[in-house]
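Undergrad: Got a structure here, written out as structure tokens. Questions coming.
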């Protein structure tokens, strides 16, 4: 469990407020093109996504002020470089699925990352819940259908199918 200090929570909110304003002003059109469910208008969602990246960076032993991108532009497909691998961090407050957002389905193959990590929780406490390689996610994910709690077409995998984050050391 990672407990974020108030200063990093506040920084995440300042960042998210600016990102939402940037979307409203027409900035980041590529990111806006793949946004679903009004995520571009939701500073709370944006802030918690950033806090998940911060929590993962802390878990990895990094200074999140240095290793997490605080720019207001789209990332190149990954959030952190850790153990010589590119990590894309996904967040849920209380859910049990790592999801690939519906709007990004068309760009999954072109995104540059090696692994996905699921971070669960809400301020100030976050848990690194598991991880999976991009290749295995591509093979094993399910797609939400009609009457599913996720938006129809959303790729997802149950967190029980993820590897524990401590298993990352087994790769070396």
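Please treat every number below as a calculation from the coordinates, not as lab data. None of the values given here were measured: they were computed from a predicted structure. Quick reminder, even Gly has a Cβ in these numbers, built from the backbone with ideal geometry, and neighbours come from all protein chains shown.
Undergrad: Counting other beta carbons within 10 Å of each residue's own, what order do 128, 168 fall into, fewest first? Could the numbers behind the result be given before it?
TA: Values: 128 23, 168 18.
Result, fewest neighbours first: 168, 128.
Undergrad: Once R0 is set to 22 Å, what does the formula 1/(1 + (r/R0)^6) return for the Cβ-Cβ distance between residue 138 and residue 44, expressed as a FRET efficiency to the nearest 0.05?
TA: So the FRET efficiency works out to roughly 0.15.
Undergrad: Further question: Please give the length that would be gained between residue 17 and residue 72 if that part of the chain were fully extended, namely 0.36 nm times their separation in residues minus their C-alpha to C-alpha distance (nm, one decimal).
TA: Working it through step by step, the gained length comes to 18.8 nm.
Undergrad: With the Cα gyration tensor of region 115-172 giving a ≥ b ≥ c as the square roots of its eigenvalues, does the rule (a/c under 1.5 for rounded; else a/b larger than b/c for prolate; else oblate) give rounded, prolate or oblate?
TA: Oblate, because a/c is 1.5 or more while a/b does not exceed b/c.
Undergrad: Additional query: Figure the gain on full extension for residue 65 and residue 3 (residue separation times 0.36 nm, minus the Cα-Cα span) and round it to one decimal in nm.
TA: 20.8 nm
Undergrad: Here's something else I'd like to know. In nanometres, what is the gap between the two model label sites at residue 107 and residue 163, each 7 Å from Cα along Cα-to-Cβ?
TA: If labels sit at residue 107 and residue 163, their model points lie 2.7 nm apart.
Undergrad: Right, next: FRET efficiency for residue 127 and residue 25, Cβ-Cβ distance as r, R0 = 25 Å, nearest 0.05?
TA: My answer for the efficiency is 0.10.
Undergrad: Calculate how many DSSP beta bridges within the chain are antiparallel, expressed in % of all such bridges and rounded to the nearest 5.
TA: 75
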